[in-house]
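Each value in this text was obtained by applying a stated rule to the coordinates, not by laboratory testing. Remember, it's a predicted structure, so these values are computed and weren't measured experimentally. Cβ coordinates were reconstructed from backbone atoms using ideal geometry, including for glycine residues, and neighbour counts include every protein chain displayed.
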């Protein structure tokens, strides 16, 4: 019996003229990930099939489980679209399963097949009852559901439907730069942005010696977790030390977080120009900390005209933690290495900052020169699943 992985698309089915672009992008993403395996991929308008070597099955499924744009997939047995071949095949599939009750569903897209779907359900059900002892039909709550898809040349028979990640294939949207800290929220935000088809590169702000090399390694590890959902992520390391020291030396302590975030956004805008990105992504959640009130977000946002995407903005902490555990970033995120946003938090940060006050505070030092110097000293790490390149 020949087996294939049968992939059903997610929201791609809702697309009109752009449908082929979405399917082609999904095909490319899967093909790039499976390039090292002996397999072949066939893309069609409504689904995709992967032929594989048995030794590679678990590795291929691991790739599929980390690929956006897939609604569900099945391990299907295929045969010719002929009555006897279908009967023989469903019997072979059934003999490999343990069940007492069953149901058969037939989808007949090949209208030349001589038996209509509902009639063929009875035919196949009768075949199973006649040849396998101690089983019976249960159309409401069966132990096993046999699905039979009859197409022009081949028929697909399967019992196992596995839910995919859904969303859009990474790459159908534009590129954005994500502010990736070592915390719980920002990796989840990057994951959710990629789920909408956005190509994400990440930016990490460090302030050596106030932040540690272990904190940087933590962020690299988080990026390695995220790259499973795409093919490559560029991680840009920003040396934020001089700017952060200038802020804490010159500015009203209650405004230091506000000024720091405004500087980060200015740098992010410069980096989007440099690396041809269209938006900024971050892990801000409304009301979670002082800089994430609506008033603070407004004052901080005013330094850029770029869209700022906040995928976790309306999730509470428990919901974010649940997602972090699901995508395997939580245990890394809680490692005790502080980042720029936590090392100099004042006792009483302003919750509702005033724009004019923020502007007055940041004029107390030459931030434009510092930002230019910082942008020109960016370092890059190319992160892939196989390897990560050293700082360039």
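Of note:
- For residue 386 and residue 331, the difference between the fully extended length at 0.36 nm per residue and the C-alpha to C-alpha distance is 17.7 nm.
- Once both labels are positioned 7 Å from their Cα atoms along Cα-to-Cβ, the gap between residue 239 and residue 56 label points is 4.4 nm.
- Ellipticity at 222 nm from helices only: DSSP H runs of n ≥ 4 in the chain, each -39500 (n - 2.57), divided by the residue count, give -11500 deg cm²/dmol.
- FRET efficiency estimate (nearest 0.05) - Cβ-Cβ, residue 373 to residue 117, R0 41 angstrom: 0.05
- Three semi-axes of the equivalent ellipsoid, the chain, Cα gyration tensor, whole Å, largest first: 53, 20, 18
- The stretch 1-89: translational diffusion in µm²/s, Stokes-Einstein, Kirkwood Rh over Cα pairs, 37 °C, 0.692 mPa s: 236 µm²/s
- Share of pairwise Cα separations in the stretch 296-392, more than 20 Å, in percent: 67 percent
- Between the beta carbons of residue 345 and residue 273, assuming R0 = 25 Å, the FRET efficiency works out to 0.25 to the nearest 0.05.
- Taking the convex hull of Cα positions in the stretch 48-163, its mean projected area over all directions (nm²): 7.9 nm²
- Nitroxide proxy distance, nm - points 7 Å out along Cα→Cβ at residue 38 and residue 20: 3.4 nm
- Value of relative contact order over the chain, rounded to a whole percent, pairs C-alpha under 8 Å and six or more apart: 17 percent
- Derived from the Cα gyration tensor, the three semi-axes of the equivalent ellipsoid of the stretch 175-383 are 25, 19, 17 Å, largest first.
- The stretch 306-369 versus the stretch 74-109: alpha-carbon centroid distance in Å: 54 Å
- Sorting 359, 261, 45 by the number of Cβ atoms found within 10 Å of their own Cβ, with the fewest placed first, yields 45, 359, 261.
- What the Cα convex hull of the stretch 118-180 gives, in volume per residue, is 194 Å³.
- Relative contact order of the stretch 175-383: 35 percent, from C-alpha pairs under 8 Å at least 6 residues apart in sequence.
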